[in-house]
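Peer 1: Let me give you the structure first, and then I'll get to my questions.
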Amino acid sequence: MELHKKYRSEVKLFTQVCHRLARHRFVTGSGGNLAWKLEDDLLLITPTQMYKGDIRSKDVVFVNLSGETIAGARRPTGELPMYLKFFHERPDVVSIIHCHAPTICALAISGGPNYLMQPLYPETVIEVGPVPIVPYAQPLTQELADNFGPYLPRYNSFIMENHGLVTMSRGDIYWTVMNVELLEATAQSILMALQFGGGIKTLDYTAVKRLGEVMHLRNLPMFGAPGVNASLEALYFGE
């Protein structure tokens, strides 16, 4: 339990985020999982087959980037291969949440356009960025992890087709859960706007370019791996 004591404050925040996801019903049953990189070769991760609303400090697991358990009485999430791929291929990423936020899950099974790839709200544009759909694969498999490969360099959030959401960031686990909540709120707005009729209005090129300037002024990192995306407008409009 030495690591649990050393990282007592991080473990406390981690469990609080688990409970927050459960309160919002962004996770149900034993679904969803979280990971937070505390050192270059040390991850704090959720245990397998456990409801996130019930997780306590003693339940969390510490693993290294080879997938070996370093500390913890429980086994890590069965989605560990997916997390290891994320952290290996995106060493800039600090924390990741996979959950089943209801409205985003509706988009994950929708046959319509993926509106989360479009610039809709300033906050979503500069804090989360566009969100592609990753093709379906069976959960808990290497195939699912591999399906993220083409998307990982450019984006920080992903709709998992017929499954759920993955959001990652260079911030701590609290920053990432706020991004999850922002995405779910945006998805709810999309659904309500479609019910009103008249389609969806998006921000234009100039507006997105100016938001990119805001990101620069606020020292917010560009989405994707460092150096991959030249600008916010290039990311959204495919320059």
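Computed from the coordinates by the stated procedures, all read-outs in this text should not be read as laboratory data. For clarity, every value in this text was computed on a predicted model and none was experimentally measured. All Cβ positions, even for glycine, are placed from backbone atoms using ideal geometry, and neighbour counts span all protein chains on display.
Peer 1: Considering the dipole of the chain built from charges on the beta carbon (Lys and Arg +1, Asp and Glu -1) around the Cα centre, which of Pro47, His163, Val228 is farthest to its positive end?
Peer 2: Ranked along the dipole, the leading option is Pro47.
Peer 1: Can you run phi through the Karplus equation (6.51, -1.76, 1.60; θ = phi - 60°) for segment 160-177 and list ³J(HN,Hα) in whole Hz, with x for Gly and Pro?
Peer 2: Going residue by residue, I get 8, 3, 6, 8, x, 10, 10, 10, 10, 7, 8, x, 6, 5, 5, 4, 5, 5 Hz, with x marking Gly and Pro.
Peer 1: Rounded to whole Å and ordered largest first, report the semi-axes of the equivalent ellipsoid of segment 163-239 derived from its Cα gyration tensor (root of 5λ). Spell out each step's value before the answer.
Peer 2: Values: eigenvalues 110, 77, 26 Å².
Three semi-axes, in Å: 23, 20, 11.
Peer 1: Moving on to the next point. Quick check for me: using +1 on Lys/Arg Cβ and -1 on Asp/Glu Cβ, what's the dipole size of the chain about its Cα centre, in debye to the nearest 20?
Peer 2: Working: 21 positive and 23 negative charges, 145 e Å.
The dipole of the chain has a size of about 700 debye.
Peer 1: Also, quick follow-up: What ³J(HN,Hα) values, in whole Hz, does the Karplus curve 6.51 cos²θ - 1.76 cosθ + 1.60 give for segment 106-123 when θ = phi - 60°, with x put for Gly and Pro?
Peer 2: Whole-Hz 3J(HN,Hα) from phi for segment 106-123: 5, 5, 5, 10, 6, x, x, x, 8, 5, 6, 8, 9, x, 10, 10, x, 4.
Peer 1: Assign one of three labels to segment 109-239, namely rounded, prolate or oblate, based on the Cα gyration tensor with a ≥ b ≥ c the square roots of its eigenvalues; rounded applies when a/c is under 1.5, prolate when it is not and a/b is larger than b/c, and oblate otherwise. Intermediate results must be reported in sequence, preceding the final value.
Peer 2: Details: a/c = 1.59, a/b = 1.11, b/c = 1.43.
Oblate, since a/c reaches 1.5 and b/c is not below a/b.
Peer 1: Separate question: Return, for the Cα atoms of segment 1-111, the radius of gyration and Dmax in Å, separated by a comma.
Peer 2: In order Rg, Dmax, the Cα atoms of segment 1-111 give 13.8, 49 Å.
Peer 1: Whole-Hz ³J(HN,Hα) for each residue in segment 44-53, computed from phi via Karplus 6.51 cos²θ - 1.76 cosθ + 1.60 with θ = phi - 60°, x for glycine and proline: what do you get?
Peer 2: My calculation for segment 44-53 gives 9, 9, 6, x, 7, 6, 9, 5, 5, x Hz in order.
Peer 1: Another question about this same structure. List every residue whose amide H lies under 5 Å from the amide H of Arg75, counting only residues 5 or more places away in sequence or on a different chain, with H placed 1.01 Å from N in the peptide plane.
Peer 2: Placed amide hydrogens put Thr48 under 5 Å from Arg75.
Peer 1: Could you work out the mean projected area of the convex hull around the alpha carbons of the chain, in square nanometres to one decimal? Mind dumping the intermediate values first?
Peer 2: Details: hull surface 50.6 nm².
Averaging across all directions leaves 12.6 nm² for the Cα convex hull.
Peer 1: On to the next question. Top mean-square fluctuation among Val11, Val214, Val27, Gaussian network model of the chain, C-alpha springs under 10 Å?
Peer 2: Maximum fluctuation in the GNM of the chain, among the listed residues, is at Val214.
Peer 1: How many Lys pairs in the chain lie less than 29 angstrom apart by Cα atoms, where the lysines are 8 or more positions apart or on different chains?
Peer 2: Lysine pairs meeting both conditions in the chain amount to 18.
Peer 1: Additional query: Taking the Cβ-Cβ separation of Glu143 and Tyr205 as r and a Förster radius of 45 Å, what is the calculated FRET efficiency to the nearest 0.05?
Peer 2: Values: r = 37 Å, r/R0 = 0.82.
FRET efficiency, Glu143 to Tyr205: 0.75.
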